[in-house]
1. Taking ILE25 and the conditions (1) modelled with pLDDT under 90; (2) within 18 Å of PRO171 (Cα to Cα); (3) surrounded by 15 or more Cβ atoms within 10 Å (Cβ to Cβ), which numbered condition does it fall short on, given that it satisfies the others?
2. Restricting the search to the stretch 112-151, which residues are in contact with a strand residue (DSSP E or B) (Cβ under 9 Å, 6 or more places away or on another chain) and not in a helix (DSSP H, G or I)?
3. Would you be able to tell me the number of residues in the stretch 49-99 that are assigned to a helix (DSSP H, G or I) and acidic (Asp, Glu)?
4. What is the number of the single condition among (1) surrounded by 21 or more Cβ atoms within 10 Å (Cβ to Cβ); (2) more than 28 Å from ALA94 (Cβ to Cβ) that PRO125 does not meet?
5. Please go through the stretch 101-114 and pick out each residue that is at pLDDT 85 or above and touching a helix residue (DSSP H, G or I) at 6+ places or on another chain (Cβ under 9 Å).
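The values are calculated or read from the model by the stated rules, or taken from the named source; none is laboratory data. Predicted model, so just to flag it, every value in this text is computed and none were measured. Cβ sites come from the backbone with ideal geometry, for glycine too, and all protein chains shown count toward neighbours.
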Amino acid sequence: MTDPEETIGLESADPRQLPLDDAAIPDGDLAALLEALLLVAPEPTSLEQLALGCGVSPERVAGVLPGLEADQTRGWVILRHQGRLQLATAPRFANQVRQFLGLEREAKLTGASLETLAIVAYRQPVTRAEVEAIRGVDCSGVLANLHGRGLIDAIGRLPVIGNPIQYGTTPDFLRHFGLRSLDDLPPLGSVGGMDGLELLEQTAAAALEELGTSADPDRDTSMSGGATEATAEPPQAL
């Protein structure tokens, strides 16, 4: 077994100790090295960190990664999220992996959760007020539930009065739905003859305009009809 102290530390690697030499590693070996680094990386890593660990240029890594991602014979896939990469088990083996690890199947998401999650996925970064403007009901409990399951996270604050939290999806969201990146999200259909994404944009824009005059859009409110999840508080800080 490899000594942990001998494992390349991607976060602390010193570029002076890893001179760039694109000619030193052939593409086949570079692909295998990238696979090894992604396997031992303790958290999602950037393309620049991978290049540093390999001792090659980021452009060289970027040129080799598509070949790894296109390989359908592996039991893993490369996830891309917010400029970072990590390995995950291939979605087609989800049932076998779950059975091997003795994991129970997760409870299914409710309709309210799926609606809210779709809005966050397609509109991120998005505030609670924007989500509520689109759904027409209070969504604090639903957002807290999705955050507790690791499918969304607070990724910023909108620079308006009250600085409301902005939500985005997480790598767990990609794994949950078997996506490699947000680019794999299916296109939205039409609603009343209008493009679904355009409708989301217009509704969210109206909510943002209202936020500009609201004293505190993330204030506590009671649950209203339609939302059926726990009323735990959403995250209040990054």
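1. With (1) modelled with pLDDT under 90; (2) within 18 Å of PRO171 (Cα to Cα); (3) surrounded by 15 or more Cβ atoms within 10 Å (Cβ to Cβ) applied to ILE25, the lone miss is (2).
2. GLN124, PRO125, VAL126, THR127, LEU151
3. Total meeting the criteria: 2.
4. Evaluating PRO125 over (1) surrounded by 21 or more Cβ atoms within 10 Å (Cβ to Cβ); (2) more than 28 Å from ALA94 (Cβ to Cβ) leaves (1) as the failure.
5. Correct list: LEU109, THR110, ALA112, SER113.
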